[in-house]
Structures are given as structure tokens and as C-alpha cells.
1. State yes or no: is Gln63 at pLDDT 75 or above and within 10 Å of the chain's Cα centre (by Cα)?
2. Which pairs have Cβ atoms under 6 Å, sit 6 or more apart or on different chains, and link a residue in segment 65-79 that is over 14 Å from Leu46 (Cβ atoms) to one that is surrounded by 13 or more Cβ atoms within 10 Å (Cβ to Cβ)?
3. Taking interchain pairs and intrachain pairs at least six residues apart, which have beta carbon atoms under 7 angstrom, with the first residue in segment 46-60 and more than 13 Å from Gln36 (Cβ to Cβ) and the second hydroxyl-bearing (Ser, Thr, Tyr)?
Amino acid sequence: MRKCETRMLAAALALAGAMMGAITSAALGLTAQQEQAACQDDAMRLCSAAIPDPGRIHSCLYQYRASISPACRAIVAPAKKRRRH
């Protein structure tokens, strides 16, 4: 991968991480950098065609949530809390 492509990818993933985790960050106490680190490998492996569009990256990762790492899954598709009756 060329330097220019690598920089563009890093920027796109940083933006995607920031957008994906705006809500989950507060809930999980993670920074955008931590979210990016959690999902970067999965995004590269499964969703490279969606880069650099953050919305498409998130949709792609959500679609492949069964195949992504547990750390990324916690950000992309957090488990719903069960209501106690």
C-alpha cells in the first residue's frame, strides 16, 4: 500500500471511529482512538470497499458483526440490556 493510500485510510478510519462511537463512547468510556484501534483490522479485512465513507464502514461492520472482534463488536453492535420485570 502506498503512503498516500495509507494516510487516507488512517484518516478515514479515524473519522469513522469518531462517528461510530459518538454514542457508545460515553456508554463504554472509550476514546475515539481506542475505538479506531478496536475496529481498524476488522474494517480493513471485511470492509475495505467501504473506505473512506464512515457510514458505509459502520454499516459494513454491523453487517459482519458475527465475524468481527469482540472489542469492535462492543462498539458497533453493543449488547442490549435486558429489562427486568
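The values are calculated or read from the model by the stated rules, or taken from the named source; none is laboratory data. The model shown is predicted, which means the values in this text are computed figures rather than measured ones. Note: ideal-geometry Cβ built from the backbone for every residue, glycine included; neighbour counts use all protein chains shown.
1. Numbers: at pLDDT 75 or above: yes; within 10 Å of the chain's Cα centre (by Cα): no.
No, not satisfied.
2. Every condition considered, the pairs that remain are Ala71/Ala38; Ile75/Gly21; Ile75/Thr24; Ile75/Glu35; Ile75/Ala38; Pro78/Thr24.
3. Pairs found: Leu46/Tyr64; Leu46/Ser67.
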